[in-house]
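> Structure below; questions to follow.
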Amino acid sequence: MSARTPTWRSLAEHEGDPAFIARVAAEFPGLARVLAEGPDRRQVLKLMGASLALGLGGCDPGDPKGRIIPGIKAPPGIVPGIENEYATASVLDGYATGIRVRHQAGRPMQVVGNPAHPASLGAVDPIAQARILSLYDPDRSHGVSHGNQQAGWASFREAFERRRTAIDQRKGDGLRILTGTVTSPTLVAQLAALQGRYPLMRWHQCQAVSRDAVRLGARLAYGRPVEAVYRLDRADVILAIDSDLLSTAPGHLRHARDVAGRRNPVAGPMSRVYAVESTPDLIGVMADHRFVAGPREIHQALTALAAAILRQGSPQPGAPAWLAAVAQDLAAHPGRALIHIGPQQPAEYHALVHALNEALGGRGRTFDLIEPVEAAPIDQATSLGDLIADMADGRIQDLLILGENPVFTAPPAFAEALKQVPFSVSLGVELDETAQATTWHLPEAHPLEAWSDARAYDGTVTILQPQVQPLFGAHSAHEVLALLAGDRAPDGYAIVRATWAKLSDDAWHGALSSGVVSGTAGRPVDPPLRSGATVLPAPPDRQITLLLRPDPYLWDGRFANSAWLQELPRPLTKLVWDNPLLVASALARRLGVGNGDLVKLSAGGATLTVPVWIQPGQAEDCVTAHRGWGRRQVGAVGKNAGFDFLALGDGPLSVEKAGGTYALATTEHHNPLDAAPDGVVRHGTLAGFTADRQFLQTPDPQASLYPPQPAGTMAWGMSIDLNACIGCNACVIACQAENNVPVVGKDEVLREREMHWLRIDRYFEGSVEAPRVLLQPMLCMHCEEAPCEVVCPVGATVHDAEGLNVMVYNRCVGTRFCSNNCPYKVRRFNYFAFARDEVRSIQARNQEVSVRARGVMEKCSFCIQRIAAARIDADKEDRAIRDGEVVTACQAACPTQAISFGNIRDQASAVARRKASPLAYALLGELNTKPRVTYEGRVRNANPAIVEPSA
Amino acid sequence: MAGVFEPSANLIAKAALLVFLEVLLAGLGWWFFAPRTDYASAVGWVLDQPVPFSHEHHVSGLGLDCRFCHTSVELSATAGMPATETCMTCHSQIWTSAKLLEPVRASFARHQPIVWNRVNALPDYVYFNHSIHIAKGVGCQSCHGNVGKMALTEKAQTFEMQFCVNCHRDPGPNLRPKEALFDTDWHRTAATPPPDALMAQYHIGGRGLTDCSICHR
């Protein structure tokens, strides 16, 4: 355990602001304000009336006039009360991640992972999970519109047929199609067929979150487009430069699994991860050494690395001090070292990194080269530029935009030029900015409603199958393209099946049920590395660089109307419902601003006033802004959330204090533990572990006055490996989806009333400039000696025979004593009828979990509904519950398998083995609560050659 | 000076006190007992149904097994209500013009489901599972009564928590041999294995059957 460096949770705490510390220490911070005002007569009467009404409301026996509506014909394969799962994929910017959709009573209700899919191996990210919410989103586009007037598909068809003569005559000249990145074999085949009919038609691609540098970098290095597929489980040393390996890169779930498999010293030899970052990302959280570097330092580092590895020279003067040690470590692991660089860095940097990886002997070992996964790997910025120029020149008569929202995500010139196009059509799931700006808008079938296909990061194809009939008469991109090709009644199934005509019916059904088409992984290629591709352009010379990054959850804005994603605390800032400008503390000091203070940004003649947030570990010469916020045309949830940084023009950025403040909702200081943070997340170095494997253990707690819990054969327990947690929040959304956890909105988060049963606490260790990040998922610990139970006056929280601390909602009268007495602060109170007022439609709720009413306490139940289901299955077969039969929602979603769950009385179970690890410890064990959740302490494989400045 | 109260005032006061007390007791009694009457819990009451389906005729008269219509009772949490198709298995051949069966034919022809009124209901926070009760030797009759005698279906039990908990505390007396599970008029006889033997046979025990978490989530 490290006692040297301070550990802190928020900046105010680090700076020791006494008022702040007193406020967060209070169990119910909102209460102090109410008490200070004192009661008045009217309020007391109001409250009395309300509680009377509430009490009487509780006496309602429910609707006695229930109905039972059986079917006409029993649908095959559906038994009421038994769940089904169907495989499909979640496609983001062209790349597929396999998912399965869980159905209750024939209705899709939850997105879960698909263990058979190579990009996820059963994990599922927050964006994919939130798709169930967008499927039922009442703000979805409900029908065809023309000039913002309602129209029908028939009238669109007529209108297009009238134009077809002209298009035919021009051989497609003036007809353009704009898509995002395309990997779908069906879509490519359709576009090719259309191109055959209209030879002068042009197909443009533009993805808001650009990967042009990755494409161009590979082309510079190898002379042809190739896709690098990383094998992180084989890498002993990883250098991640401004990398998105674990957060947004295609295949990030698989990357996370592969890296995490090498991060627990008990399981095997640890890998070593270095991260060089301008703004913190998930790989930096996992890294053993994280170096803060702005654009200039990244340039220097790459130049020096090239000198050290390609030319075996000594690092140049001016290179960062740590560089020699890192270069030496990489060179010492030939064939087992890997460098990765993020898509926001220039193409030349990518080319150099390819050359370095080749020099390190990684090809075929730490990475493979395959044929590009994309159908047409072009430079999308050029493609979009051409389109805008042609539109502005009036050379385009007909434009079809498939599924993208360029009016919001592309430069403002796009929207301006679009006005010159006489016949523009947008196909989209929501009524977004582009839908408003085009002459026609067509409702697109939601990805869970349509037939399609797409490739994963390694080329593997998944057939997307509809989970329901389109809810709002929508059609897929395939069907619309078929319409353009002259098909009067396009059928999505027939179109996709035709692409895969070579699959026999058996193979087709096999592909649908497993979620992968076997044998479709990308063909390996073996291009030689081109020489001379290692010249770097001059470093950027801007005083302050604006880093525009996709929001980890709203992405480019397409998920802005998802309440789950809006209220999901961002991994490193814990902010919700907003996207302030992230700045380094040094810059904030220079500007004289603190968290929530407004600054004025100007660039390229445009200005924007936004709040700032001090991001520890941010490079001083960079400010980070997340895209996807500040949507102008969006549903009720995404309205007035955040700021659109795309409003700023190109050119040097200037930042100045604007005066005034803005309320930012962050959960970073909510639910603090009353303990020194150093002991909360136990951590140390590999050297310490090697010297003494028990080095994180503390003496056993004192004897307890309480009698021991009776020992049954079943005892549920959980172990969480802090070495594996990357803070991606997949578990938080999984828990929310599984347990009908409501969202509460920004105002209520500001009052510390968020309802997530599972949260990920984030601590910083060290200085504000370059801290290390420690993460700890927190959920109900199911203490054997639970402090909550002894203080409940009505027995609403009790133990069951298998050691679960259960909540009896009907008994709860809302005293909140339990929450006050919980040392882990994991209980959540329904201050309002959050569940009733929620945006989640009733179809997306889990029928197996009670929906909680106002005035009731709730908390993690260890997914008791899943335990009950397994218990019933086992008892029907007169056998014990097998190890691994109960998988909690958080455990199932976790990309790194950080969570193990099972029967701790069974010594052979996975969880019992994890709990026997020398790193295992009970959080706040000194309180003798005997928590059933234990953690495996974090071990850092520090390079002894690098001396990090301590705070 | 004469007293303010006449001597009879004592009697009136006492009587008034008595009446007050009686009203109070009656009120308390009403409050406590009224919800527990069969009237309040609708036990033994028949609801109007779109088709006056007779379990008596189909079960006792024709000898249909419960599972012919309630197909998922051994598989799933819910026993399942028959689709119109199931009714039409026979009624496309017999009683094809009966007026009583018009809603069934209409449902099939117009593709509109039959909407039944629910007879047995549990609150939403109770997660009852039919299949485990059948697997562990609790017959249909234990909760649904002798439906073979019901010309029109009625509720046989109050389904208050006490009813469930009584059996969860001591399941033995309510268990029956496997062959009797779907017998709607079964009674324990001398040949029936004793409760303890049935408990052992069905491997009941070892679970905290009275834990809140067994039924509530």
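> Output the residue which, of all residues in the range A:803-836 that are charged (D, E, K, R) and touching a residue at least 24 places away in the same chain (Cβ under 8 Å), is farthest from the other protein chains (Cβ to nearest Cβ).
A:LYS825
> So, one more: List pairs: first residue in the range B:10-34 and part of a helix (DSSP H, G or I), second residue modelled with pLDDT under 95 and aliphatic (A, V, I, L, M) anywhere in the structure, Cβ distance under 7 angstrom, at least six positions apart or on different chains.
Once the first residue is part of a helix (DSSP H, G or I) and sits in the range B:10-34, its partners that are modelled with pLDDT under 95 and aliphatic (A, V, I, L, M) give B:ALA34/B:ALA40.
> Where in the range B:90-151 are there helices (runs of 4 or more DSSP H), lying wholly inside it, with at least 3 residues that are in the same structural domain as B:HIS187 (by TED's automatic domain parsing) and of a type outside the set (Asp, Glu)?
Because the criterion is at least 3 residues that are in the same structural domain as B:HIS187 (by TED's automatic domain parsing) and of a type outside the set (Asp, Glu), the helices (runs of 4 or more DSSP H) in the range B:90-151 that meet it are B:130-135, B:140-144.
> When the range B:76-123 is examined, which residues are found to be more than 7 Å from chain A (Cβ to nearest Cβ) and within 30 Å of A:VAL808 (Cα to Cα)?
Result: B:ALA79, B:VAL119, B:ASN120, B:LEU122.
> Buried (at least 21 other Cβ atoms within 10 Å of the Cβ), part of a loop (DSSP other than H, G, I, E, B) and either facing chain B (nearest Cβ under 10 Å) or among the charged types (D, E, K, R) (or both) - does that describe any residue in the range A:784-796?
yes
> B:ILE214: within 20 Å of the chain's Cα centre (by Cα) and within 14 Å of chain A (Cβ to nearest Cβ), yes or no?
yes
> I would also like to ask the following. Take the residues in the range A:878-902 that are modelled with pLDDT of 95 or more and within 14 Å of chain B (Cβ to nearest Cβ); name whichever of them is surrounded by the fewest Cβ atoms within 10 Å (Cβ to Cβ).
Out of the qualifying residues, it is A:VAL886.
> Pull up the range A:376-415, narrow it to residues that are within 27 Å of the chain's Cα centre (by Cα), not small (Gly, Ala, Ser) and not in a loop (DSSP other than H, G, I, E, B), then point me to the one that is surrounded by the fewest Cβ atoms within 10 Å (Cβ to Cβ).
A:GLN380
> Mind counting the residues in the range B:47-66 that are in contact (Cβ under 8 Å) with a residue 40 or more places away in the chain, surrounded by 15 or more Cβ atoms within 10 Å (Cβ to Cβ) and away from chain A (no Cβ under 13 Å)?
Number satisfying all stated conditions: 6.
> If A:ALA87 satisfies all but one of (1) modelled with pLDDT of 95 or more; (2) under 26 Å from A:VAL637 (Cα atoms), what's the number of the condition it fails?
(2)
> Within the range B:15-31, can one find any residue that is within 20 Å of B:VAL119 (Cα to Cα), surrounded by fewer than 11 Cβ atoms within 10 Å (Cβ to Cβ) and either under 20 Å from the mean Cα position of the chain (by Cα) or modelled with pLDDT of 90 or more (or both)?
no
> Next question. Which of the residues belonging to the range B:152-166 are of a type in the set (A, V, I, L, M, F, W, C), under 14 Å from the mean Cα position of the chain (by Cα) and assigned to a helix (DSSP H, G or I)?
Of everything in the range B:152-166, those that are of a type in the set (A, V, I, L, M, F, W, C), under 14 Å from the mean Cα position of the chain (by Cα) and assigned to a helix (DSSP H, G or I) turn out to be B:MET161, B:PHE163, B:CYS164.
> I'd like to know if the range A:481-496 contains one or more residues that are in a helix (DSSP H, G or I) and within 27 Å of the chain's Cα centre (by Cα).
no
> Shifting gears a bit: As an exercise: evaluate A:ILE842 against (1) more than 14 Å from chain B (Cβ to nearest Cβ); (2) surrounded by fewer than 17 Cβ atoms within 10 Å (Cβ to Cβ) and give the number of the one condition it does not meet.
Of (1) more than 14 Å from chain B (Cβ to nearest Cβ); (2) surrounded by fewer than 17 Cβ atoms within 10 Å (Cβ to Cβ), only one is false for A:ILE842: (1).
> Name the single residue that is surrounded by the fewest Cβ atoms within 10 Å (Cβ to Cβ) among those in the range A:154-174 being among the small types (Gly, Ala, Ser) and in contact (Cβ under 8 Å) with a residue 12 or more places away in the chain.
Ranking the candidates gives A:ALA166 first.
> Sticking with this structure for a sec: Quick one: in the range A:567-592, of everything that is out of contact with any Leu (no Cβ under 9 Å at 6 or more places or on another chain) and in a loop (DSSP other than H, G, I, E, B), which residue is nearest to A:PRO771 (Cα to Cα)?
Selected residue: A:ALA584.
> Something else: Being surrounded by fewer than 23 Cβ atoms within 10 Å (Cβ to Cβ) and either closer than 25 Å to A:GLY745 by Cβ or out of contact with any strand residue (DSSP E or B) (no Cβ under 6 Å at 6 or more places or on another chain) (or both) is the requirement here; does A:LEU598 meet it?
yes
> Name every residue in the range A:246-265 that is farther than 16 Å from A:PRO118 by Cβ and under 15 Å from the mean Cα position of the chain (by Cα), in order of residue number.
Within the range A:246-265, A:LEU246, A:SER247, A:THR248 meet the criteria.
> Looking at the range A:508-566 only, could you name the residues that are of a type in the set (A, V, I, L, M, F, W, C) and assigned to a strand (DSSP E or B)?
If the condition is that a residue be of a type in the set (A, V, I, L, M, F, W, C) and assigned to a strand (DSSP E or B), then A:VAL517, A:LEU546, A:LEU547, A:LEU548, A:TRP555 are the ones that fit.
The values are calculated or read from the model by the stated rules, or taken from the named source; none is laboratory data. In this text the structure is predicted, and so the values were computed from the model without any measurement. Here Cβ is always computed from backbone atoms with ideal geometry, including for glycine, and neighbour counts include all displayed protein chains.
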